[in-house]
Amino acid sequence: MEWNMKKSVIHLDGGKFRTYVKSAPRNYSMIVMLTALHSQRQCSVCRQANDEFMMVANSWRFSQQYSNKLFFAMVDYDEGPDVFSALKINSAPVFMHFPAKGKPKKGDTMDIHRVGFAAEQISKFIAERTDVQVRVFRPPNYSGTLALFLLFLLIGGLLYLKRNSLEFLYNKTSWGIAALSIVFAMTSGQMWNHIRSPPFMHKHPNTGEVHYIHGSSQGQFIVESYIVVFLNAAVVCGMILLNEANRSSGDPSKKRIMAMCGLACVAFFFSLLLSVFKAKYQGYPYSFLLK
């Protein structure tokens, strides 16, 4: 068959899916992405998953190991809703392997909530299910290098302009804020975002429900990391207020108000942090103020 001589990914509707994927016998395996790419579905995670899927399919199509033993296909919900119904799928995206012989098993559905849907993870899933090794060719991304260059350029320019008055380098508050910013970025999962490139948030293609917190401990959304940064910063601000209330020598009533505000910040926002942790780790037994 010369399906993908022109395209790396074959677009299927219900009829083509039954003919080329479900019918037997076949001498090839299929990796199928079930998705919802139409604009009215507003599925941002589907578009990101599609980019990663296309990267794997193109890597396979133009590799030296390419053969007709493996094909990549896509079923959009608006073009094949009967496929979603037949497979009992009510969310997107979903990656499935349809073996050459037999029916798909539980392990033939990729667990994107646990491993994500990066091209490298899709390639690993394919290798586990088909023994076909797909080497992913990811286009180079120079945005990080450019951003780092601009940062050093900005810092160098500021140091040059302030070369006659560098007292600000000895400002403990500035260094403290810089250190806290790095700590907040690292503890909130910014590095994980950089490596895995998760979606900003998730909107269910059928119900339209928006999720800001990933329901698994193995994944997260970008907006989720911003929420964690804010909660951590609020707890730190509360601790600073408590410390300043103890150290200051001003009006006792003002110190009392400052201490109460600090204590309220720590208690409330730490409770929210525990709630986020509990939502991601099902069965976590501890909570404080908020369930």
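The values are calculated or read from the model by the stated rules, or taken from the named source; none is laboratory data. Note that the structure is predicted; figures quoted are calculated from it, not measured. Virtual Cβ from ideal backbone geometry, glycine too; neighbours counted across all protein chains shown. Calculation scope for accessible area: heavy atoms of the full protein, side chains included, ligands and nucleic acids excluded. Shrake-Rupley method; radii C 1.70, N 1.55, O 1.52, S 1.80 Å.
Observations, loosely collected:
- Meets criteria (part of a helix (DSSP H, G or I) and modelled with pLDDT under 80) for residue 144: yes
- A search for C-beta distances below 6 Å between a residue of segment 28-46 that is within 18 Å of residue 86 (Cβ to Cβ) and any residue that is modelled with pLDDT under 85 and open to solvent by less than 40 Å² (accessible area, probe 1.4 Å), counting only pairs 6+ apart in sequence or on different chains, returns 36/43; 36/205.
- Scanning segment 182-202 for residues that are touching a Ser or Thr at 6+ places or on another chain (Cβ under 7 Å) and either farther than 30 Å from residue 76 by Cβ or open to solvent by 50 Å² or more (accessible area, probe 1.4 Å) (or both) turns up 188, 189, 190, 200.
- Residue count for segment 109-120, restricted to those that are surrounded by fewer than 20 Cβ atoms within 10 Å (Cβ to Cβ) and either under 16 Å from residue 54 (Cβ atoms) or not hydroxyl-bearing (Ser, Thr, Tyr) (or both): 5.
- Every test in (1) in the same structural domain as residue 41 (by the TED database); (2) in contact (Cβ under 8 Å) with a residue 60 or more places away in the chain is passed by residue 106 save one, and that test is (2).
- When segment 32-50 is filtered for residues that are open to solvent by less than 10 Å² (accessible area, probe 1.4 Å), part of a helix (DSSP H, G or I) and farther than 16 Å from residue 208 by Cβ, only 49 remains.
- Qualifying positions in segment 153-164 - in a helix (DSSP H, G or I) and either surrounded by 10 or more Cβ atoms within 10 Å (Cβ to Cβ) or touching a residue at least 12 places away in the same chain (Cβ under 8 Å) (or both): 153, 154, 155, 156, 157, 158, 159
- Note on segment 121-136: among residues that are open to solvent by 100 Å² or more (accessible area, probe 1.4 Å) and assigned to a helix (DSSP H, G or I), the one that is nearest to residue 69 (Cα to Cα) is 128.
- Verdict on residue 181 being within 22 Å of residue 45 (Cα to Cα) and among the polar types (S, T, N, Q): no
- Among residues that are crowded, with 16+ Cβ neighbours inside 10 Å and free of Cβ contacts under 8 Å to residues at least 60 places away in the same chain, residue 273 is included.
Per-residue answers, yes or no, for (1) open to solvent by 50 Å² or more (accessible area, probe 1.4 Å); (2) outside any helix (DSSP H, G or I):
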{"position": "96", "(1), (2)": "no, yes"}
{"position": "138", "(1), (2)": "yes, yes"}
{"position": "151", "(1), (2)": "yes, no"}
{"position": "180", "(1), (2)": "yes, no"}
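- Lone unmet requirement of (1) in contact with a Phe, Trp or Tyr (Cβ under 9 Å, 6 or more places away or on another chain); (2) open to solvent by 40 Å² or more (accessible area, probe 1.4 Å) for residue 241: (1)
- Candidates 117, 137 - the one that is closer than 30 Å to residue 34 by Cβ, touching a residue at least 12 places away in the same chain (Cβ under 8 Å) and under 18 Å from the mean Cα position of the chain (by Cα): 117
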